[in-house]
Every structure is written in structure tokens, then in C-alpha cells.
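Undergrad: To start, I am sharing the structure in question, which I have written as C-alpha cells.
Taken together, the values in this text are just the output of simple stated rules run on the coordinates, not laboratory data. In this text the structure is predicted, and so the values were computed from the model without any measurement. So basically every Cβ, Gly included, is an ideal-geometry build from the backbone, and we count neighbours across all protein chains shown.
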Amino acid sequence: MIKLLILSFIFLVSVGALAAPVDPLNNFFKNKTKIDKPFELRDPFKAPQMKSEKSQAGKGFTSSGKGNYTNIQEDSVKNLAELKLVGVLIGKERRALVNTGRSIVILREGTKIGEDGAELKAIMPGGVILVEKIINVYGQEEYLETVIPISK
């Protein structure tokens, strides 16, 4: 009799454990989204963590991309009025030599120049082309192209 009670008690406990309620969050997103694990995604309101490269300061060179190293200092031109094009370097990577009055700066295509953010669009044998985005009197965006020849 006692054995029968013990067996029935064990049976009831094991059946009760198998019929335990399943976590409702596991099946909540089952038919609502195609994202497999929505709770493991990053917070969209926080900036993503960027992989910081080791700084190469003091070694005489800087890394300008994956596997690209240069010892050319990247200076910026603050004012377009003081810009004087001294020369251009044509080749695989085109460069422009600019005299700012204080020093000679080496610029490449795509560099932003000045406070307004004029972009160095093209470097050609006779000069460079700068493209600047402005807003006209009608509130529309407009692009100004400026050709700067090599100064003598």
C-alpha cells in the first residue's frame, strides 16, 4: 500500500514537472518577426562600438587604411582665399601641393577644404577642381565648381 502511494506520488510529480508552463517570451516573437533572436540585438539608440586601431604616434608613420601606411602629414587648409596651388603629382594616387602661406600642404582627391567644406573633386595636370555645396536664395541646394590653375 505504501509502495503504491509512493509510486503514485512520484508519477504525479513527474507529470506535473513535464506540464510546467513554458516561458512565454520564447514563443512571443515566433510568428511576429523573422529575426531569430531579437533580444540579442544591440540597442539602436546607442552608438555602435568601433574597433579602435592602435595609435602609431611616435613611430614616424600613420595608417591611412588597411595595409596603407604613410609618413605624409595630413594638414588642413582653413581658408580658401590663402590657397595657392604649387604643383600636382599625377600617378596611381593623385596629389596636389598647396602653399598656404605658412607651409606646403599635400592634398588628395576627396579632401574637404576650408570651413565651408569644399571638396577637392579632381586633380588634373593643369590644376584642380573644387566643388562646394551652397544653398541659394530659394532654399535649394546648389553646387559651385571652381577650377584653380597651377600658380606661377
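Undergrad: What order do you get for 112-123, 134-145 when each peptide is scored by the mean count of other beta carbon atoms within 10 Å, highest first?
TA: In descending order of packing, they fall as 112-123, 134-145.
Undergrad: Modelling each spin label as a point 7 Å along the Cα-to-Cβ direction, I'd like the residue 142/residue 35 distance in nm, to one decimal.
TA: Computed distance between label sites residue 142 and residue 35 equals 4.5 nm.
Undergrad: Would you mind computing, in nm to one decimal, how far apart the modelled labels at residue 46 and residue 66 are, each placed 7 Å from Cα along Cα→Cβ?
TA: My value for the distance between the label points is 2.6 nm.
Undergrad: Tell me, what ³J(HN,Hα) does each residue in region 137-152 have, in order and in whole Hz, if you take phi through Karplus 6.51 cos²θ - 1.76 cosθ + 1.60 with θ = phi - 60° and put x for Gly and Pro?
TA: 5, 8, x, 9, 6, 9, 10, 9, 9, 10, 9, 10, x, 5, 6, 10
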